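Structure, as structure tokens:
Where a number appears in this text, it was derived from the coordinates with a stated rule and is not lab data. The model shown is predicted, which means the values in this text are computed figures rather than measured ones. When we count neighbours, we look across all protein chains shown, and the Cβ atoms used for this are built from the backbone with ideal geometry, even at glycine.
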Amino acid sequence: MNGWQRFAVLILCCFTVMVLYPDFDASGWTFIGVAFAMWTGVIMVLSVISNLFGLYKFESLNKLVFFVLICAIMYSLLWYFPQEDKVTPINKIKYGEIPTKDDIQRGLQRFTFNFDFVHRKATRKENFINQDLDKEEVKKEIKKKVSNTTDELIDSIDIQVE
């Protein structure tokens with residue numbers, strides 16, 4: 001295994017953990033970034049040492065190092081990956097909460113982009129076509145905006161009259 005293959009496995013491990021345990025917030029992205037940088041450094045050091053001492057010639061040693069590296073990466077990701085419910089993935093596994101098909105679908109949705117939206121004013125969430133909106137909540141929001149606007153208009157009229 002060379003460094004590029006180890007790097008690809010690191011990407012695959014991070015992606016797998018993020019898909020299997022999608023209940024993370026912004027701190028999860030930060031954690032993955034820091035873990036990714038740290039493990040990239042470890043892979044670079046292993047590659048330099050392997051090339052320096054010619055360890056790449058010993059296939060069984062390379063396989064052992066690769067296995068230990070994968071175990072260490074997965075251990076660090078599963079043990080420390082932050083979740084919204086403050087329970088790490090390794091503890092979820094320990095208590096029998098394995099990822100379900102719904103978890104995997106939600107995890108994959110975090111890495112997809114919805115191309116079905118109206119292009120004008122695309123930043124407003126009311127303009128997305130396939131988005132499930134709570135109609136009562138939208139009505140309350142519209143009433144609130146309308147009442148705020150009418151209150152502002154009434155206040156401006158009062159000022160002009162006086």
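3J(HN,Hα) along region 75-80, derived from phi through the Karplus expression 6.51 cos²θ - 1.76 cosθ + 1.60 where θ = phi - 60°, amounts to 4, 5, 5, 6, 7, 10 Hz, with x in place of Gly and Pro.
Net charge dipole, region 39-115: roughly 100 debye, given to the nearest 20, about the Cα centre with Cβ charges of +1 for Lys and Arg and -1 for Asp and Glu.
Could you give me the ³J(HN,Hα) list for region 52-60, computed from phi with Karplus coefficients 6.51, -1.76, 1.60 and θ = phi - 60°, whole Hz, x at Gly and Pro? So the Karplus estimates, Gly and Pro as x, are 5, 9, x, 6, 5, 6, 8, 5, 5 Hz.
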